[in-house]
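Novice: Have a look at this one before I ask anything.
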Amino acid sequence: MEARNRTGILEFILLGLSEDPELQPFIFGLFLSMFLVTVLGNLLIILAICSDPHLHTPMYFFLSNLSLVDICFSTTIVPKVLLNIHTENKAISYMDCLTQVYFSMLFPILDTLLLTVMAYDRFLAICHPLHYTVIMNARLCGLLVFMTWFVGAMTSLLHISLMMHLSFCRDLEIPHFFCELTQILKLACSDTFLNSTLIYFMTGMLGVFPLVGILFSYSQIASSVRKMSSSGGKQKAFSTCGSHLSVVSLFYGTGVGVYFTSAVTHSPQQVSVASVMYTVVTPMLNPFIYSLRNKDVKGALGRLLSRATSCL
């Protein structure tokens, strides 16, 4: 099809994880259960932080934003997967696909930047405790969150603006369960050099550099913890950083896993299965990591649930 036919006429076909009809009920149930757990778990984290005055600190403010992003990320992808399986219609319109590409880039960028901001917060709290409350004030916290959204929105918009100039003139079947940018570029019959260059550049700027910042923050934290004479202080420092480090490891580990899977295999199904870990499983596990490894969050959740049950 020519570029001028991209509006309501043009559709893509999402092939999904499997074309086996017998597997569709299992995939539907799996995605539905993971989606419900993701939304409920992250929503409980947000409610616990908002309702407990003890958690009205920068660290938990950033955590509540991370939980909101995880809900939005899962909502961008999973409902469409469920709808396609339920209706047995794998088509997605050009504009809907563009929208999904936009948000499926926006929320991972927000995840990356928020995890970096949270590492900086822990760095200030442990390495510069006397200046922490002065530096990490409400105004700076709000500015940092605003900047993460601004950078994510502008970066995703730049990708979409370049993508809108592409034309598609061959098979429009996407061997994936959602509209993923690199898969869309493979279907284009026009030059995608600028698109690919932007992907590599932004991956370095918004993927590698934040990771370097996180590793640097934790190297300074480790150095400060080693100098502490109190075992209680060391234990408190590790308890506040342990959850964040686990989420960082899970996020980057699954992201790198998807990258290497796509690099070493030519099987679209294997890439799609690996992407499930990155797009669906990680947002689902984050609230469990923070609630199980963090005593403050665990206590706030317990008080929230006890109040909820007492009102019934």
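Residues checked against (1) at pLDDT below 95; (2) among the polar types (S, T, N, Q):
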{"site": "LEU14", "(1), (2)": "yes, no"}
{"site": "GLU19", "(1), (2)": "yes, no"}
{"site": "PHE31", "(1), (2)": "no, no"}
{"site": "PHE35", "(1), (2)": "no, no"}
{"site": "ASN42", "(1), (2)": "no, yes"}
{"site": "SER51", "(1), (2)": "yes, yes"}
{"site": "HIS56", "(1), (2)": "yes, no"}
{"site": "SER67", "(1), (2)": "no, yes"}
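Novice: Which condition from (1) over 21 Å from ARG122 (Cβ atoms); (2) at pLDDT below 75; (3) open to solvent by less than 30 Å² (accessible area, probe 1.4 Å) is the one that VAL281 breaks?
Specialist: If we test VAL281 against (1) over 21 Å from ARG122 (Cβ atoms); (2) at pLDDT below 75; (3) open to solvent by less than 30 Å² (accessible area, probe 1.4 Å), just (2) comes out false.
Novice: Further question on the same structure: Take the residues in segment 8-28 that are in a helix (DSSP H, G or I) and more than 21 Å from PHE73 (Cβ to Cβ); name whichever of them is most open to solvent (accessible area, probe 1.4 Å).
Specialist: GLU22
Novice: Sticking with this structure for a sec: Of (1) in contact with a helix residue (DSSP H, G or I) (Cβ under 8 Å, 6 or more places away or on another chain); (2) closer than 25 Å to PHE35 by Cβ; (3) buried (at least 16 other Cβ atoms within 10 Å of the Cβ), CYS241 satisfies all except one. Which?
Specialist: Result: CYS241 passes all but (2).
Novice: Continuing with this model, one more query. Of the residues LEU250, LEU304, which single one is over 28 Å from PHE123 (Cβ atoms), surrounded by fewer than 19 Cβ atoms within 10 Å (Cβ to Cβ) and among the hydrophobic types (A, V, I, L, M, F, W, C)?
Specialist: Result: LEU304 is the single residue among LEU250, LEU304 that is over 28 Å from PHE123 (Cβ atoms), surrounded by fewer than 19 Cβ atoms within 10 Å (Cβ to Cβ) and among the hydrophobic types (A, V, I, L, M, F, W, C).
Novice: When residues of segment 259-297 are filtered for being in a helix (DSSP H, G or I), out of contact with any Gly (no Cβ under 9 Å at 6 or more places or on another chain) and farther than 20 Å from VAL39 by Cβ, how many remain?
Specialist: 13
Novice: From THR192, THR197, THR148, THR116, which residue is farther than 30 Å from SER18 by Cβ, hydroxyl-bearing (Ser, Thr, Tyr) and more than 22 Å from the chain's Cα centre (by Cα)?
Specialist: THR197
The values are calculated or read from the model by the stated rules, or taken from the named source; none is laboratory data. In this text, all values refer to a predicted model and were calculated from it rather than measured experimentally. Reconstructed Cβ throughout: ideal geometry from the backbone, glycine too, with neighbour counts over all protein chains shown. Note: areas computed on protein heavy atoms with side chains; ligands, DNA, RNA excluded. Shrake-Rupley method; radii C 1.70, N 1.55, O 1.52, S 1.80 Å.
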